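Chemist: Let me begin by handing over the structure; questions about it come next.
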Amino acid sequence: MPSLWPFILLAFVAGFCLPTQAGINSQLNLWSRSAILTATISFAVGTIALAAYALILRVPWPSGDTVTRYSWWIWSGGFLGAFLVASTVVLAPRLGAASMMSLIIAGQMFASLFLDHFGWLGYQVHPVSGLRMLGAALLLGGVVLIRIF
């Protein structure tokens, strides 16, 4: 069985990026004066970076005829990402990095428990158990402590 440590490290680094990105985007928002425009610029820069990376690696595009084999909602991830980025632009200066991220992580945890429980969106089924709920409750308690102090 391959080691999970590279994936755990990748998840940690990705988690480090979110509050950093929110802070950078909040500063960009001082110039653009619009959370929507700030998110648009952020996504444009990210799209250019990913397109360049794909070109360098010569990543092949799927054939156009495969589009009809997949559900329409597979394209909605970008909307959710745009909502998240625009939301962090608004939230970061008002809540601070720790409160903003703890609330986002709490939302992610509860959504994850729900998705795992029902096995939706391609996730393996992992039923909600008492210990999983305890973990989510402890996380929510952490949100409260971070927010209060």
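Chemist: Specify the residue with the greatest mean-square fluctuation among 115, 95, 50, computed from a Gaussian network of the chain linking alpha-carbon atoms under 10 Å apart.
Modeler: In the Gaussian network model the winner is 50.
Chemist: Under the 0.36 nm per residue contour assumption, what length would be gained going from the current alpha-carbon distance of residue 45 and residue 134 to full extension?
Modeler: Gain on extension, residue 45 to residue 134, equals 28.1 nm.
Chemist: What is the order of 40, 66, fewest Cβ neighbours within 10 Å to most?
Modeler: Ordered from fewest to most neighbouring Cβ atoms within 10 Å, 40, 66 come out as 66, 40.
Chemist: Another question, then. To the nearest 0.05, how large is the calculated FRET efficiency for residue 37 and residue 99 if R₀ is 22 Å and r is the Cβ-Cβ distance?
Modeler: 0.35
Chemist: How big is Rg to Rh over the chain, alpha-carbon atoms, Rh as the Kirkwood inverse-mean-distance radius?
Modeler: Using Cα coordinates only, the ratio equals 1.01.
Chemist: Please report the net charge: other residues with Cβ closer than 15 Å to the Cβ of residue 102, K and R +1, D and E -1.
Modeler: That sum, taken over residues with Cβ under 15 Å, equals +2.
Chemist: Another question, if that's okay. For a protection proxy built on the mean count of beta-carbon atoms within 10 angstrom, sort 138-146, 119-127 highest first, please.
Modeler: In descending order of packing, they fall as 138-146, 119-127.
Chemist: Just to check I understand the Karplus step: with θ = phi - 60° and J = 6.51 cos²θ - 1.76 cosθ + 1.60, what whole-Hz values come out for region 95-108, glycine and proline as x?
Modeler: 9, x, 4, 5, 5, 4, 5, 5, 5, 5, 5, 4, x, 5
Chemist: May I pose another question? Relative contact order (percent) for region 1-90, with alpha-carbon contacts under 8 angstrom and 6 or more residues of separation?
Modeler: 49
Just so you know, all these numbers are worked out from the coordinates, no wet-lab data involved. As the structure is a prediction and not an experimental result, all values here were calculated from the model. All Cβ positions, even for glycine, are placed from backbone atoms using ideal geometry, and neighbour counts span all protein chains on display.
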